[in-house]
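Below: one structure, written as structure tokens.
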Amino acid sequence: MRTTVTPADLAAAVMAVPPLARHADGTFNDAANGALIRHLEAGGVSTILYGGNALAHHWPVSVYADWLDRLEALVEADTWLLPSVGPDAGKMMDQAAVLADRDFPVALLVPMSPPLTHDGMGDALRAFYDACGVQLLVYIKTDGYMPADLLGALVAEGVVFGVKYAVPRAEGAADPYLDALIAAIGAERIISGFGEPPAVPHLLDQGLAGFTAGCVCIAPAISTAILAALKTGDRAEATRLLEPILPLEVLRNGINEIRVLHAAVALSGLAQTGPILRPSSDIPDDRRADVAEAARALLAAERAFRAA
Ligand SMILES: N[C@@H](CC=O)C(=O)O
């Protein structure tokens, strides 16, 4: 596992956000998580975040250290592995105590929810960093979640490494909040945070550094080629490469992105993800065939792409 990173690493690879595989009894499945990690690494993905798609918000603190140690043992030496912390300030401090003895350079802060104030959030993030020395990638899903000037100060202090930005906007709409964040911390510290399709305008029109995605877990080589096309400004090539991903993305958007990805990885045959963490639940039985078809088609496209 990599133990040092710079903002340039946000642009170096797609940040994959995999589901977490567990046995039927809820324990960590080393073989299945390892299989998925090896598929990602073989497809050129060297940045792996256990965040929203792993339902990291709901990991018990009692297993946090064990699960992170198991994940660390599964990745290659040059893979950047990011754990998550939060969403509440108390849980963050329990997690800081675990991270203080480990070598993760950056952790994702999953979105906090009220009651909170912006001053209080800033203090919570500073206390976390003081306790463990791990910088934060702040996950922003709602407009105005954290003021740009506060983020700018936290980056200057070393508390915040960057931002995973996933505020939905209508296609082509102005995004003054993102503009303010870019002005405060620089586009090189901000990645697009909700999959391959929105990454196209985020990277080409707003200059964001890279993107996170879930479908990359099934199609890492295709997703990596999309990042490469976006870095050269080739919108037509990125759009062409997106095509095999879209059927599964449509199902994710229509049902639930996390639950569909969890099922899709299993139904593709890549890794038995097992029971999804509470308080989520499996996809409806009458949608499994659609998800299986889309997942298997995407994996077939990935294999054809690698073979070409
Ligand atoms: N939510 C996005 C990216 C992950 O955070 C996805 O799953 O595609």
Take the Cα gyration tensor of the range 86-188, multiply each eigenvalue by 5, square-root it, and list the three semi-axes largest first, rounded to whole angstrom. 24, 14, 12
Placing unit charges on C-beta atoms (Lys and Arg positive, Asp and Glu negative, everything else neutral), compute the dipole magnitude of the chain about its Cα centre in debye, rounded to 20. 500
Report, by chain and number, residues whose modeled amide H sits under 5 Å from the one on THR47, excluding near sequence neighbours (fewer than 5 apart, same chain). ALA16, TRP80
What does the convex hull of the alpha-carbon atoms of the chain project to on average, in nm²? 14.7
Given a 1.4 Å probe and the protein chains all in place, what does the accessible area of LYS91 round to, in Å² to the nearest 10? 30
Sequence-separation-based contact order of the chain, relative, with Cα cut under 8 Å and 6+ spacing, percent: 21
Per q in 0.20 Å⁻¹, report the Debye log10 I(q)/I(0) for the range 145-295, using one uniform scatterer on each alpha carbon and no solvent. -1.17
Report ³J(HN,Hα) in whole Hz for each residue of the range 283-292, in order, from the Karplus equation J = 6.51 cos²θ - 1.76 cosθ + 1.60 where θ = phi - 60°; Gly and Pro get x. 5, x, 4, 6, 10, 4, 5, 5, 5, 4
For the range 1-89, state which GluC sites (Glu not before Pro) are in a DSSP loop and have at most 16 other beta carbons lying within 10 Å of their beta carbon. GLU76
About the Cα centre of the range 154-295, what is the dipole size in debye to 20, counting +1 per Lys and Arg Cβ and -1 per Asp and Glu Cβ, all else neutral? 260
Part-to-part distance (alpha-carbon centres) for the range 120-190 and the range 44-106, which is given in Å: 19
Please report Rg (one decimal) and Dmax (integer) in Å for the Cα set of the range 49-95. 11.0, 32
Treating cross-link reach as a plain straight distance, find the lysines whose alpha-carbon is under 27 Å from the alpha-carbon of LYS231, omitting any fewer than eight places away in the same chain. LYS141, LYS164
Taking the DSSP beta bridges in the range 7-241 as the whole, what percent of them are antiparallel, to the nearest 5? 5
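The values are calculated or read from the model by the stated rules, or taken from the named source; none is laboratory data. In this text the structure is predicted, and so the values were computed from the model without any measurement. FYI the Cβ positions are ideal-geometry reconstructions off the backbone, even for glycines, and counts take in every protein chain you see. SASA here: full protein model, heavy atoms, side chains in, ligands and nucleic acids out. Shrake-Rupley method; radii C 1.70, N 1.55, O 1.52, S 1.80 Å.
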